[in-house]
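**Q** Here it is, the structure, as structure tokens.
The values are calculated or read from the model by the stated rules, or taken from the named source; none is laboratory data. Since the model is a prediction, treat every value here as computed from it, not as a measurement. No Cβ is skipped: glycine too gets one built from the backbone with ideal geometry, and neighbour counts run over all protein chains shown. All accessible areas refer to the heavy atoms of the entire protein, side chains included, with ligands and DNA or RNA removed. Shrake-Rupley method; radii C 1.70, N 1.55, O 1.52, S 1.80 Å.
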Amino acid sequence: MPVNADKPHLWKQDIAQSVDFYNSWFMEFAPRAYRDTRIATTQQVESALLWTANFTNITPAVLRQHPLVLPILRMATAPPIARDRLIGLASVLPNLVKNMEEKQRIPPKMDSTMLDAELEKIVQVLAWLIDPDIFPWLQTMLEPTEAQIHRAATIVADRLCGALADPIIRNAQEQRQLATIKQWLEERGYSYIRGGTGVRFETMQPGTFAFRLNIPVSLQSGSKQINIPIDAVIMPSQSQTGDLPLLIEAKSAGDFTNPNKRRKEEAIKVAQLRSNYGNQVRFVLFLCGYFDSGYLGYEAAEGIDWLWEHRIEDLVLFGV
């Protein structure tokens, strides 16, 4: 039986409580998360300045050796340029830029000659657009002072953090949600299984749980297998042989718009899981923040239930 999906008369009150819960957390903890990231990012920018001789030596060799410098350089231009804009301006291979920014590496199979040519195109665009107001020594040709370097690093770090503000908050919120689940379970005698132990979700022991577990599924064509990441997997203490664990997707939102844009993702994930492991798959959402009746109604229609973080004790109703 559903726990919350079949009780629309409670949704309005839960939505209001969830919004208040999220806003209280945001006001208290989000600035700290942003500041911590800003400090770490400033240090990364200062490292980039060191590797590039304070941006006077931006070369393909530097980019090859330190791929993670690329997003920093994008934020050092006037105006700052998005990743796709850089790809378009430089006419370079998207895969190269994405590897450098997302995986901090050069594509391992890329031809060396082609790589140098692509990196040279990136260097030319960045050198043309570098912001002289942030790095005045590029025009004066004088050695920058420590104060100038730190000031420039802080400005670029602010730009980077501004572009990444939402992911920073989402990451902090997700960590807090999983920590909340962990504390609740351990207080009731559950044992946490750390990552890297090779655990499989269908063979977990009763009274155990794991985070960020990949579940393999075969696509309908049968020709390809993919992994579906699950935020929290809990095998209830009273489970019997052959039972599947409870799968939980932790979701938070700071506005009502984005969840409705992405609400189909959960339905697709559930459909893939059930097509591989049967209708006994139990997949629920752990919600905190701005999820309106439209979102909840859509998920309920797709056979997806949920629990609210402000009422985490509903886990008991899911058999945990």
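**Q** At Glu265 and Met27, where each label point lies 7 Å from the Cα along Cα→Cβ, what is the point-to-point distance in nanometres?
**A** 2.8 nm
**Q** Of Tyr22, Tyr34, Tyr290, which has the most accessible area and how do the rest follow, probe 1.4 Å?
**A** I get Tyr34, Tyr290, Tyr22, largest accessible area first.
**Q** Taking only the alpha-carbon positions of the chain and ignoring solvent, what does the Debye formula give for the base-10 log of I(q)/I(0) at q = 0.12 Å⁻¹?
**A** Results for the chain at q = 0.12 Å⁻¹ read -0.96.
**Q** Counting only helical runs of four or more DSSP H residues, what would the 222 nm mean residue ellipticity of the chain come to if each run contributes -39,500 (n - 2.57) and the total is spread over all its residues?
**A** Details: 12 runs with 162 residues, N = 320.
Rounded to the nearest 500, it is -16000 deg cm²/dmol.
**Q** Please compute the length gained on full extension between Asp255 and Thr56, using 0.36 nm multiplied by the number of residues separating them and subtracting their Cα-Cα distance. Each step should come with its number before you reach the end.
**A** Numbers: separation 199, 0.36 × 199 = 71.64 nm, distance 4.23 nm.
Gain in length upon complete extension: 67.4 nm.
**Q** Something else about it: If you build a Gaussian network model of the chain, linking Cα atoms that sit under 10 Å apart, which residue out of Ile234, Ile215, Ile248 swings the most?
**A** Evaluated over the chain, the most mobile residue of the options is Ile215.
**Q** Also, I was wondering about something else. Mind ranking 267-280, 148-161 by how tightly packed they are, going by the mean number of other C-beta atoms within 10 angstrom, highest first? Present the calculation step by step, with values, prior to reporting the outcome.
**A** On the way: 267-280: 14.7, 148-161: 19.4.
Going from most to least packed, we get 148-161, 267-280.
**Q** A follow-up question, please. Taking every pair of alpha-carbon atoms in segment 127-204, what share in percent sits in each 10 Å bin, from 0 to the bin with the longest distance?
**A** Each 10 Å bin holds this share of Cα pairs: 14, 24, 19, 15, 15, 12, 2.
**Q** Express the relative contact order of the chain as a whole percentage, based on alpha carbon pairs under 8 Å and six or more residues apart in sequence.
**A** Details: 414 pairs, mean separation 66.6, N = 320.
Here the relative contact order equals 21 percent.
**Q** To continue, here is another question. Any idea what Rg and Dmax come out to for segment 161-211 if you just take the C-alpha atoms, in Å?
**A** Gyration radius and largest Cα-Cα distance of segment 161-211: 14.4, 44 Å.
**Q** Based on the alpha-carbon gyration tensor of segment 1-86 and its eigenvalue square roots a ≥ b ≥ c, which shape applies: rounded if a/c is under 1.5, prolate if not and a/b is larger than b/c, or oblate?
**A** Values: a/c = 3.93, a/b = 2.79, b/c = 1.41.
Judged from the Cα gyration tensor, segment 1-86 comes out prolate (a/c at least 1.5, a/b above b/c).
**Q** Can you bin segment 249-296 into rounded, prolate or oblate? Criterion: square roots of the alpha carbon gyration tensor eigenvalues sorted a ≥ b ≥ c, rounded for a/c under 1.5, prolate for a/b above b/c, oblate for the rest.
**A** prolate
**Q** Now for a different question. Would you mind checking the pairs Lys109/Lys251; Lys98/Lys261; Lys7/Lys224 and listing those with alpha carbons more than 29 angstrom apart?
**A** Violating the 29 Å limit, Cα to Cα: Lys109/Lys251; Lys7/Lys224.
**Q** Using only alpha carbon positions, build the gyration tensor of segment 134-284, then give the equivalent ellipsoid semi-axes as the square roots of 5 times its eigenvalues, largest first, whole angstrom. Write down the numbers at each step before the final one.
**A** On the way: eigenvalues 374, 79, 48 Å².
In descending order, the three semi-axes are 43, 20, 15 Å.
**Q** Rounded to the nearest percent, how much of the accessible area of the chain (1.4 Å probe, protein heavy atoms only) is carbon and sulfur? All intermediate terms of the calculation are to be shown ahead of the outcome.
**A** Numbers: 8780 of 16870 Å².
After summing per-atom areas, the C and S share lands at 52 percent.
**Q** Could you tell me the calculated FRET efficiency between His150 and Asp116, based on Cβ-Cβ distance and R0 = 30 angstrom, to the nearest 0.05?
**A** On the way: r = 33 Å, r/R0 = 1.09.
About 0.35, to the nearest 0.05.
**Q** Something else now. Sort segment 85-184 into rounded, prolate or oblate with this rule: let a ≥ b ≥ c be the square roots of the eigenvalues of the Cα gyration tensor; rounded if a/c is under 1.5, and if a/c is not under 1.5, prolate when a/b is larger than b/c, oblate otherwise.
**A** On the way: a/c = 2.81, a/b = 1.27, b/c = 2.21.
Judged from the Cα gyration tensor, segment 85-184 comes out oblate (a/c at least 1.5, b/c at or above a/b).
**Q** Here's a follow-up. Keeping all protein chains in position, work out how much accessible area Glu28 exposes to a 1.4 Å probe, and write it in Å² to the nearest 10.
**A** Its accessible surface works out to 120 Å², give or take rounding.
**Q** Over the alpha carbons of segment 223-316, what is the largest minus smallest coordinate on each principal axis, giving the biggest first in Å?
**A** 41, 38, 21
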